[in-house]
Each structure stands twice: as C-alpha cells, then as structure tokens.
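No value in this document is a laboratory result; all are computed from the given coordinates. Remember, predicted model here, so these are calculated numbers, not experimental data. We place every Cβ from the backbone using ideal geometry, glycine too, and count neighbours over all the protein chains shown.
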Amino acid sequence: MNSQIKGQPSPIKIYSILAAFAALGLVSIFVSINVFIDLLTQIFENRDQIVFDKGVYYLFGGGLFFVVVVLGFFMVKVLKVTDKIQKILVALMALSLVLTFALPQIIHISVENNLENKNYQICEEKSSRWLHAVTIVYTKTLPCAEEEKQSTGSDAGIY
C-alpha cells in the first residue's frame with residue numbers, strides 16, 4: 001500500500017524541487033564570486049576602465065538562502081537534528097537574507113571609495129541602471145564615450 005497522504009506531493013517531487021533550489025543557489029553563489037574576482041582583477045591591474053555590476057551581488061545572499069533552506073530541510077526532516085541546530089539554521093537563513101540586501105551596498109561603497117582614491121571617475125555615458133541592476137563604469141580619463149565613438153565611427157555608445 002501507498003503510505004503517502006492524499007494531496008501531499010511525492011518524495012520524488014519534493015527532492016526534485018529541493019535539488020533545483022540547491023542548483024540555483026550554488027550557481028548564484030558561483031556567479032557572484034566569479035564577478036567579484038573579475039572586479040578585483042580589474043582593480044589590481046589598474047585598468048583604464050573598471051566595470052562594477054552591483055546587481056549581481058544580490059545573487060550571493062539569495063543563493064546562500066536557497067542552499068541553507070535545502071540543507072535545513074534535509075537536516076530537520078531526514079537527520080532529525082536538535083533544536084539548537086535548528087536555531088542555528090534559522091539564524092543562517094536570516095543572515096543570508098540580510099546579506100542579500102547589505103552585501104551589494106557594502107561592496108559598492110568600498111569599490112567607490114577605493115577607486116575615487118585612485119582618481120577614477122564615473123563614466124555616465126557607459127553606466128546604466130535598471131531597478132537593482134546597476135552597472136557603473138569607472139574610468140581614469142574623461143570623456144570616456146569619445147573613445148568609443150572614434151573607434152566605431154558612430155554616435156551610438158555601448159549603453
């Protein structure tokens with residue numbers, strides 16, 4: 001006989017959804033770390049133009065949240081962990097939600113201060129903003145859009 005309660009999803013569906021959340025979380029964390037490493041490379045190499053993509057850092061906290069939720073599910077439902085560990089999991093979920101909104105701001109302020117101290121300026125022509133996705137292009141020389149116009153022969157910029 002089937003021991004499943006009527007109307008409750010099967011364990012295969014539950015584990016498939018959890019696997020998808022875990023994969024999404026891990027990819028989000030990987031992408032945000034990869035972009036951060038690229039940003040650090042640009043800064044340490046003192047490139048003429050440095051591209052800062054603020055929106056991608058929201059992925060880190062969100063991805064961490066998904067991973068903690070999946071781990072929490074397995075630890076609570078499968079391993080039957082203690083109340084103390086459950087409280088730690090809840091604290092990690094709360095921390096990941098705080099990181100979702102705080103980390104992009106912290107990185108933005110740090111990068112902006114660092115680059116201003118190195119005499120970089122914001123290139124308004126190449127920077128863009130859409131909701132939380134903010135791409136800021138810092139350059140050592142202004143006007144920055146003139147270089148693009150001369151090399152392409154047109155008046156259309158990248159953004």
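For Glu112, Glu125, Glu45, which order do you get if you count the other beta carbons within 10 Å of each Cβ and list the fewest first?
By the 10 Å Cβ count, ascending: Glu45, Glu112, Glu125.
Once Rh is set to the Kirkwood radius over Cα pairs, what Stokes-Einstein translational diffusion coefficient, in µm²/s, holds for segment 1-79 at a temperature of 25 °C and a viscosity of 0.890 mPa s?
Value of D from the Cα-based Kirkwood radius: 163 µm²/s.
Find which of Asn117, Leu99, Val137 sits farthest along the positive direction of the dipole of the chain, computed with +1 on the beta-carbon of Lys and Arg, -1 on that of Asp and Glu, about the Cα centre.
Highest projection toward the positive end goes to Leu99.
Mind sorting Phe36, Phe30 by how few other Cβ atoms lie within 10 Å of their own Cβ, fewest first?
Phe30, Phe36
Once amide H atoms are placed 1.01 Å from N in the peptide plane, what residues at a sequence separation of 5 or more from Ser127, or on another chain, have their amide H within under 5 Å of its amide H?
Val137
In cubic angstrom, how much convex hull volume per residue do the alpha carbon atoms of the chain span?
162
How many lysine pairs does the chain hold where the Cα atoms are under 25 Å apart and the two sit 8 or more places apart or on different chains?
The number of close lysine pairs in the chain is 13.
Sorted from fewest to most neighbouring beta carbons within 10 Å, what does the list Asp38, Asp83 look like?
Asp83, Asp38
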